[in-house]
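The values are calculated or read from the model by the stated rules, or taken from the named source; none is laboratory data. These figures come from a predicted structure and were not determined experimentally. For neighbour counting, all protein chains shown are included, and Cβ atoms are generated from backbone atoms with ideal geometry for every residue, glycine included. Areas reflect the complete protein model, heavy atoms only, side chains present, ligands, DNA and RNA absent. Shrake-Rupley method; radii C 1.70, N 1.55, O 1.52, S 1.80 Å.
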Amino acid sequence: MSRPVPPEFFTQAGAVPLRQRKGRAEVLLVTTRGRGRWIVPKGVVDPGTTPAESAEREAWEEAGVRGRLLPEPLGTYRYEKWGGTCTVEVFALAVAEVAKRWPEPDRKRRWVLPEKAAALVEEPGLQAILAALPADLAGEKSAP
């Protein structure tokens, strides 16, 4: 008999690690542990921490990157897991350090252009957030 999933597991945070290379933004994706799908670092928001703090921790643990987290979230997406719906608040992380060793080295990591990142991930909500990155990063958002 399986144990019920604690309600706090459905509140998650993720980071989109970003760097500039040759005048273009690149996103760092990591693989999941199970099926090896491409995702951004994300995980449960632990009690007593903010979504932003959790996003920074996940970026370090899963991708081995540190940097400056932008305070405003890029967006939120939802996905089904554990018999319920997880809600993930996503933040941009301007990467300053890429470690050679990190807590979860069993994950692969890959720098790609935002449009390629959107094509590689499976979650539609995350695809939408990643697809919106080029305009956001270049300051090309249309004025209201």
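Points worth noting:
- Residues GLU53, GLU62, GLU80, GLU89, ordered by accessible area of protein heavy atoms at a 1.4 angstrom probe radius and largest first, appear as GLU80, GLU53, GLU89, GLU62.
- Local net charge near VAL98, Cβ-Cβ under 9 Å (Lys/Arg +1, Asp/Glu -1): +3
- Computed over the Cα atoms of the stretch 1-96, the ratio of the radius of gyration to the Kirkwood radius (Rg/Rh) comes to 1.00.
- Set of lysines with alpha-carbon distance to LYS108 below 27 Å, sequence-local pairs under 8 removed: LYS22, LYS42, LYS81, LYS100, LYS116
- Each Lys and Arg contributes +1 and each Asp and Glu -1, all at the Cβ; summed about the Cα centre of the chain, the dipole is approximately 660 debye.
- The overall shape of the stretch 54-101 is oblate: from the C-alpha gyration tensor, with semi-axes ordered a ≥ b ≥ c, the ratio a/c is 1.5 or greater and a/b is no larger than b/c.
- Ordering of 95-108, 6-19 by packing [mean C-beta count within 10 Å, highest first]: 6-19, 95-108
- Take the Cβ atoms of THR87 and GLN20, set R0 to 25 Å, and the FRET efficiency comes out at 0.25.
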